[in-house]
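Below is one structure; the comments refer to it alone.
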Amino acid sequence: MHPDLYLTPSVEAYGTFAFAQGIKSDENTPLAPFSINKQGDLYTSASSRSLSVFGYSYPELQYWNQSPQQLRNSVVASVNALYGPSSQNKKWRRAAGVRLQVTEWSAAVGVSKFGANGQSFIVRLFLGVIPDDPRDWATSLDTIGSFAVLPPPIQPSLPAGNFITYYELSLTKSLNARRLDGQDIGATSEYLKNNLQWRVQLVSSTYKLLEKRSY
């Protein structure tokens, strides 16, 4: 939609497994380990910006038979059709000709990348009973979502609180599966206070428990 906007150069504050600490990243920074050829030359954001490089596209991005302006207009029209005011994908219910807004629920999580002293860990969210054995957490029917935090190899000199990673998980489907439509704000909030919990595990064969917290 905005082909004239692109990446803003930035400095890696603490480095990654591919970039050294302090390096300036921009559109020409090599994207390891994605190589262009057998010689090991790496793609960059600039060299991989167009899907034509990879020989495929999407129905809304027919760049081979449209001018840049036509392509932009086509993309804008497709986005409006899917998500605009008249879109059928809007989260509304219709009753007796009146549009009623639907309330949806999500859990937003913020955690320090270095919260486990540089070790990788997993945050798991639950609605209901949590198995006593942490090895069963990943497959439990009451596990509604998980996300892994993989800290970079270099511990920063700044406080860990400066390096927060964020994750958001929709709770609507999980509530619906428990026969709660989420439209009663008070009842849903009370249910979440009593049932929404989280646990943190180290990424290891022992699944060591780090924290035990509730909503």
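Where a number appears in this text, it was derived from the coordinates with a stated rule and is not lab data. These numbers come from a predicted model, not from an experiment.
On a full-extension model of 0.36 nm per residue, what is the gain between residue 54 and residue 80, subtracting their alpha-carbon distance, rounded to one decimal in nm? Present the calculation step by step, with values, prior to reporting the outcome.
Working: separation 26, 0.36 × 26 = 9.36 nm, distance 2.70 nm.
That works out to 6.7 nm of additional length.
Name the aspartates and glutamates eligible as straight-distance cross-link partners of residue 173: C-alpha to C-alpha under 14 Å, and not fewer than 8 places from it in the same chain.
Of all the aspartates and glutamates, those that pass the test against residue 173 - Cα under 14 Å, at least 8 places apart if same chain - are 104, 142, 181.
Leaving out same-chain residues fewer than 8 places away, which aspartates and glutamates sit with a Cα under 17 Å from that of residue 24?
12
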